[in-house]
There are 2 protein chains.
Amino acid sequence: MLTKKQYELLMFINERLKETGVSPSFDEMKEALNLKSKSGIHRLITALEERGFVKRMAHRARALDIVKLPETMAPSLKKTARPMTSRVPRPSNDDRSVPIAVMGRIAAGTPIEALQDETHHISIPIELMRSGEHFALEVHGDSMIDAGILDGDTAIIQRGDTADNGEIVVALVEGHEATLKRLRRKGEMIALEAANPAYETRIFRSEQIRVQGRLVGLIRKY
Amino acid sequence: MLTKKQYELLMFINERLKETGVSPSFDEMKEALNLKSKSGIHRLITALEERGFVKRMAHRARALDIVKLPETMAPSLKKTARPMTSRVPRPSNDDRSVPIAVMGRIAAGTPIEALQDETHHISIPIELMRSGEHFALEVHGDSMIDAGILDGDTAIIQRGDTADNGEIVVALVEGHEATLKRLRRKGEMIALEAANPAYETRIFRSEQIRVQGRLVGLIRKY
DNA sequence: AAAAAAGTTATCGATTCGTTCTCATTTGTA
DNA sequence: TACAAATGAGAACGAATCGATAACTTTTTT
C-alpha cells in the first residue's frame, strides 16, 4: 500500500505528533528525510492522504493528522498509536460526538416502562445535539413512514415537556402509553398524527398528554 | 494538527479548566503566553475551534470548552478536566465514533466534480461503519423519498465498486453524473430505480455505470 | 444607568508555511 | 529494453501565522 518514502514519512509524522503534539512543518519533514526541497514532501503527503493514512486541512500550517497506520507495523511501534485490526480508519479522538443512552423501543402502544431502561449507548454526531438532555429510541413499526422514519431507525430525542405545533414528539398518553407522533394543538385539544394513512389521528384533551421530548435527529443503519 | 502556539494555548486552557473549573479570559490567556495583545489569542482560539479541539459560545465570557486533546497527552492530564460552561454532555474520547468527510451534495444529475471536494466533516457512530473507506453526501431532492431518504439527509457511503442487487448505491452514469439510486441487475443491463413514482427507472448497459459506493447509513437533523 | 470586563474585528509588517511548476534522476516492472 | 511511476531539486508565489495597536460591541458587574 505504501512506498518506502511514504512509510518513512508517515512514521516520522506519527512520532512527532506523539512526542510534541505539534505536527511538523514541510520544512521539518524535508530535513527529517534528508531532502533539500519540500516539493517532494508535498507529493508524499498527497499520496498518504489519497490512501487514507493522513488527514490535512489545505493551506493550514501544521494541520496534519494521522488517520491510521499500516497494518504491517511492528506491534511495538503500534502500541503508541492505537492499533486497528481492520481497514476501518482508526477512530481518532477527533470525535465531535456525544454518547447518549438508548432507552428502548418506541411505537404506538409502547408501555411506559420500556422507556426506562437503558439498553445501550450510541455516539451521535455533535451536530445533532441541541441543548439539554438527550436520549435515543429505536423506532418500531411503520406509523411514521411518510415522514421518512422507518422501522428500526434510531430517533434522537431532546428531553423536554414542550413542543411547537407540527413537531414530532415522544408523547405519553394517559400516563401509560408512549408514542412517536406529530403533535398539533387545536385550542384545548391535542392531536397526535401518524405519518401513515393506515393510522388515524387521535385527539386528546391537553391533560391527557405529556410530552416527553421532541425529535431532533435520526440515525439509520442499512 | 496543531501549531506550537495553538498547542501551548490549549494546554493552558486545559490546565486552568482542570484547576479552577473556570475558563480563562482572553486577557489571562494573553498574560500566560506572554503576549501584549489579546487579538492573537482570539486567532488562536479560532484556529483551535476550526480544528475541533475547542468549543465556544460567541460573545460569552469565559465560555470555552475543551472538546478533545491531542493524543500526546498523558492520560493523567487528560482525565480530570471538567469544564462546565455548557449543558451539552461532554464528548468523551470513547472511540465510539469516526470522523468522515462530507463530499458535497448528491441528486440525480449531480456532476462528478461535486463529489470531489470535501465540504466539511461529520462524526458518525461507529455502529454505522463497515470495513474500508467511507464518505458522506448530503442528499438533495426527493427522488428517494419512498425509501425514507429526505431532502437534506446525510447519506453515509461505503466506497467500493460493487453492490448487491437491490442495494442503494451512488452510481456514476456515463462518467459524468452521480446519482443515488437503488440498483438492480437484469442480465447485462443495470436499472437505477428512484424511490418516488414521479421519477422513472432508467436502464443502462453495465459498462455505462460505475458504482462508487453503497449506502450504509443515514443521518438526519431536524 | 454607568462602569468595568470580556470578546470581536481591522490593520500592519515580519516570518513561516504550503502549493505549484518544471526538469532531471532513479526505481520498479512489463 | 522501454515505459511508467516515484523521487529529488529548485524556485517562485501566495496564503497563513503571529505579535502588536487600537477601536470597536456585547456582557457582566457595580
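Bear in mind that the values in this text are calculations on the coordinates, not laboratory data. Model, not experiment: these values are computed from the prediction. Note: ideal-geometry Cβ built from the backbone for every residue, glycine included; neighbour counts use all protein chains shown.
In table form, for the structure just shown:
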{"item": "Footprinting exposure proxy for A:LEU137, A:LEU2 (fewest neighbouring C-beta atoms within 10 Å first)", "result": "A:LEU2, A:LEU137"}
{"item": "In range of the label at A:LEU33: residues from the range A:6-23 whose backbone nitrogen is under 11 Å from the point 7 Å along Cα→Cβ", "result": "A:6-13"}
{"item": "B:MET11, B:MET129 arranged by Cβ crowding within 10 Å, fewest neighbours leading", "result": "B:MET11, B:MET129"}
{"item": "Exam field: B:GLY152 pseudo-label spacings to other copies (7 Å along Cα-Cβ), nanometres", "result": "2.6"}
{"item": "Exam field: B:SER206 pseudo-label spacings to other copies (7 Å along Cα-Cβ), nanometres", "result": "6.6"}
{"item": "Average other protein chain Cβ within 10 Å of Cβ, residues A:145-157", "result": "3"}
{"item": "Cross-link table A:LYS4/B:LYS55; A:LYS36/B:LYS38; A:LYS5/B:LYS55; A:LYS221/B:LYS186; A:LYS18/B:LYS36; A:LYS186/A:LYS221, entries beyond 29 Å C-alpha to C-alpha", "result": "A:LYS4/B:LYS55; A:LYS36/B:LYS38; A:LYS5/B:LYS55; A:LYS18/B:LYS36; A:LYS186/A:LYS221"}
{"item": "Nm distances between copies for B:GLU31, ranked from closest, using label points 7 Å along Cα→Cβ", "result": "3.4"}
{"item": "Neighbouring partner chain Cβ atoms per residue of A:11-20, average, 10 Å criterion", "result": "2"}
{"item": "Inter-label distance, nm, simple model (7 Å from Cα along the C-beta direction), A:ALA198/A:MET1", "result": "4.5"}
{"item": "Net charge of neighbours whose Cβ lies under 15 Å from the Cβ of B:GLU31, counting Lys and Arg as +1 and Asp and Glu as -1", "result": "+2"}
{"item": "Calculated FRET efficiency for the pair B:ARG210/B:THR46, C-beta based, R₀ 41 Å, to 0.05", "result": "0.50"}
{"item": "Residue order, fewest to most beta carbons within 10 Å, for B:ASP65, A:ASP27", "result": "A:ASP27, B:ASP65"}
{"item": "Spherically averaged projected area in nm², based on the convex hull that wraps the Cα atoms of the range A:7-77", "result": "4.7"}
{"item": "Net charge over other residues, Cβ less than 12 angstrom from the Cβ of A:MET189 (K, R count +1; D, E count -1)", "result": "+3"}
